[in-house]
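Any read-out appearing in this document is the output of simple, stated calculations on the displayed coordinates, not a laboratory observation. Note that the structure is a prediction, hence the values are computed from the model and not measured. We place every Cβ from the backbone using ideal geometry, glycine too, and count neighbours over all the protein chains shown.
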Amino acid sequence: MEVPQLKVEPTMPDIAARILEALGRPSYSPIKPKVLSKRLAVPEQDYPAFRSALKELIRDGRIRVGSGSTLVAENPHGTVFGTYRRTNAGPGYVRLDAKPGEPFLPDVAIRAGRELDAASGDRVQVKLLRPAGKMANASGEIVRVLERATRTFVGTYFERDGEGYVKVDGIVFAHSVSVGDPGAKGVRPQDKVQIDLLSFPTAEDRGEGVITEVFGPLSQPGVDLLTVIRAFGLPEEFPEAALNEARAQADAFVETTNGRTDFTGDLVITIDPVDARDFDDAIGVEHDEKTGHTVLTVHIADVAHFVPAGGALDTEARKRATSIYLPQKVIPMFPEVISNGLASLQQGKIRYVKTVQIEFDDKWQKADVRFYNGAIRVRQRFAYEQVSLMLKGDGEMPAPDVLAMLHRMRDLALKLRKKRQKRGSLELSMPEAVLEYDGDGKMSGAHFAVNDISHQMIEECMLTANEAVAEHLSRLPVPFLRRVHPAPNPEKLQEFAAFAEFLGYPMKRSQDRFELQRVLRETADKPERAAIHFSLLRSLKQAIYSPIQDQHYALASLDYCHFTSPIRRYPDLQVHRLLDRWIRTRRASADENELVILGEHCSKMERRAEQAERELVKLKLLQHLSTRIGLKLTAVITGVAEYGFFAQAEEFPAEGLIHISSIKDDYYTFDESSRSLIGGRTKTRYRLGDRVIVEVARVELQKRMLDLRVVGKPPTAPREDSPVEKRKPIRKPKVEAEPERKKKKRK
């Protein structure tokens, strides 16, 4: 018998949770009830329930009425708010909310059994049981789930004792979820399915759900992709109204300059991945003989011309906020008639652009910056690999003027990169995984992405254009969506400094970006690179979109925004519209409160897209390795704990756990002072940064886990220049004041 679809009607507790969630956000400013109801999009018929929920929360002391009849959240003594995450081991933690500029708040540990029915990603209210101290983390218990991250999950169906169950993918829940009578919707054991939860699992109860979609076995082509799309709630088909608007724009478009600044006679090229389908940036670099200046011209697809604000296309793009790049599938922000057609800067076609033209003097300082609504015709499209070969004098060479410009681009990029490094920009080396496929589209291997001079040329030009636009809008001044990367917490940098010193890279001042830069540079080609660079990445805060002026810490830039990818990022489109208004009228304005909400939404959608991409890449890598048990790989140890150590393969983009029980040649114990496992009899050590030979021992697709087994160490001796043998026990450096050196900010 088919179980009916889940339908959840809005209730007063739901509205109360949404109210508390809104008032608990770091960006919240006190507003009146009517304004809050509009911000929460409360339907008119539900407004009485909204008012009742407010009164109940006020009676309970959860919120209070402040000056001007505005609403203010009240945190009961010992109560905090944050986002819950479950760990592999079972217990979880809550990452606390923090407003910009407030001191670092340590995570609150949540022991198993004290999480109520919270799932990873839920916003929760926590009662502190023990505050953070010098020797222990804060601990607490969840007293209320304020907002569910989702009620929809994906997992594997199985049957036991005449009942149907679903084991949800990953580590979201400790228990499987009951889904009632076997065979609902024709499901079979080991099928991947989507479920909606009627009740969430707790420590005592496995919860209850209904199957809403059956995908089939994971081995079936396309099922892995579908499970990730459903698990993350990714959009698929465009609404018909958006498609109709895109078609109407295509019908109206004529390839003429249309009164725009005419760049169609200029030498303009694109450099993109070999399999790129949309092209949103084009470049030109010239030398002005009269002034001796180098002129960089960056042309960006003028998507705003084809997407009127408030229309069906704009509404859908705002909702999606970003294109999503999955293995063998792109979920675009705009229909393909826009993203791959009208707005795409295709070779030989007249296309509309927003243009930034930057002149550099002989000292590589900006002498002049100009902005245009332009029209271009790309002379030639290149792939990164082609450009790399051409700059080496290999492969098929382009026309002499094109080759000369490629050399000018390279020289300019090297100068700009050197300038960024001088102001303290951090270069984290975190190569991305690139999956390889055979002629039938089946994964055949994987490797790390290359970041050579051809990639750096485009990166430097885009960074420079983004910064130039942000500086211009800041001077107007007008609020706009900045790309903000707040400075890390000093405590996190102190922990990183201690970790770096242990690996042989002492730092005099943990908060000095030039010291950080030095450690990154010195480890860039060392075995411990992955451990060092990933450790610093975890010490930094996430970059977000916000109209509140703040630095981009990693880029060492005071003013920065995203401008160069409006085909795939909605914040870029918002910046384009502001710049367009200024170009046409020399005036521009925006509502900062609306931009705060838009920035939060775009940041959230960006994180969802990144997580979905990582999840599918990891799943495909594990599926590939599950058919290659016994495969030997050279790897570097990236983490050590009492239960074993983690190792990252050097040539294959996969990291796995070597459990201590699998090392059979000795009895090993964990030495915390040296972050190593030490054999009691042989005194063999496994330490951070050590290279080992491992083999694939076990793959657990359900939990996305890879188990490796040590089979030896590489035959080469440690390099003399490696600081591995000079390691010291970890000690926390003294807290020092920020260095006097003036800091700048980046990307």
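A compact table of results
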quantity: Peptide ranges 551-557, 330-336, 569-575 listed from the most packed, as the mean C-beta count within 10 angstrom indicates; calculated: 569-575, 551-557, 330-336
quantity: Centroid-to-centroid separation of region 443-459 and region 579-656 [C-alpha atoms, Å]; calculated: 16
quantity: DSSP beta bridges in the chain [antiparallel fraction, %, rounded to 5]; calculated: 90
quantity: Set LYS34/LYS604; LYS127/LYS492; LYS363/LYS526; LYS419/LYS541; LYS38/LYS492; LYS422/LYS526 screened for pairs whose C-alpha atoms are more than 31 Å apart; calculated: LYS363/LYS526; LYS38/LYS492
quantity: 222 nm mean residue ellipticity, helices alone, for the chain (DSSP H n ≥ 4; -39,500 (n - 2.57); rounded to 500); calculated: -9000 deg cm²/dmol
quantity: Fraction of the pair-distance distribution of region 434-522 above 19 Å, Cα-Cα pairs, percent; calculated: 68
quantity: Nearest-20 debye value, the chain charge dipole, Cβ charges on Lys, Arg, Asp, Glu; calculated: 2500
quantity: Scattering profile of region 152-217 at q = 0.20 Å⁻¹ [log10 I(q)/I(0), Debye over alpha-carbon scatterers]; calculated: -0.67
quantity: Kirkwood Rh (inverse of mean 1/r, distinct Cα pairs), region 202-304, angstrom; calculated: 20.1
quantity: R0 of 45 Å, Cβ-Cβ distance ASP362-TYR47: FRET efficiency to nearest 0.05; calculated: 0.10
quantity: Ranked list, fewest to most other Cβ atoms within 10 Å of each Cβ, for TRP582, TRP364; calculated: TRP364, TRP582
quantity: Debye, to nearest 20: dipole size of region 303-364, +1 on Lys, Arg Cβ, -1 on Asp, Glu Cβ; calculated: 280
quantity: Anchor LYS319: aspartates and glutamates whose Cα lies under 14 Å away (excluding residues fewer than 8 positions away in-chain); calculated: GLU236, GLU237, GLU600, GLU606
quantity: Chain lengthening between ARG518 and LYS185 when straightened (0.36 nm per residue, less Cα-Cα); calculated: 114.0 nm
quantity: Gain on full stretching of the segment that runs from GLU650 to LEU96 - 0.36 nm per residue minus C-alpha separation; calculated: 195.9 nm
quantity: Alpha-carbon centroid distance for the pair region 378-392 / region 159-191, whole angstrom; calculated: 52
quantity: Kirkwood-Stokes translational diffusion coefficient of the chain, alpha-carbon pairs, 37 °C, 0.692 mPa s, µm²/s; calculated: 114
quantity: Approximate spin-label separation GLN549-GLU385, in nm, with each point projected 7 Å along Cα-to-Cβ; calculated: 4.7
quantity: Separation between Cα centres of region 259-331 and region 552-575, rounded to whole Å; calculated: 13
quantity: Loop GluC sites (Glu not before Pro), region 468-573, which have at most 12 other Cβ atoms in a 10 Å radius of their Cβ (DSSP); calculated: none
quantity: Label zone at ALA399 (point 7 Å along Cα-to-Cβ), backbone N below 18 Å, region 253-271; calculated: 263-271
quantity: Global size of region 623-726 as Cα Rg and Dmax, reported in angstrom; calculated: 13.7, 43
quantity: Modelled FRET efficiency - R0 25 Å, ARG628 with GLN328, Cβ distances, 0.05 increments; calculated: 0.80
quantity: Residues LYS38 and SER67, FRET efficiency given R0 of 30 Å [Cβ-Cβ distance, rounded to 0.05]; calculated: 0.90
quantity: Where labels lie 7 Å past Cα in the beta-carbon direction, separation of VAL711 and GLU610 in nm; calculated: 3.6
quantity: Label-to-label distance, nm, for residues given as THR256 and ARG130 (7 Å Cα→Cβ offset); calculated: 7.6
quantity: Potential lengthening between GLN456 and ASP288 on full extension [0.36 nm per residue; Cα-Cα distance subtracted]; calculated: 58.1 nm
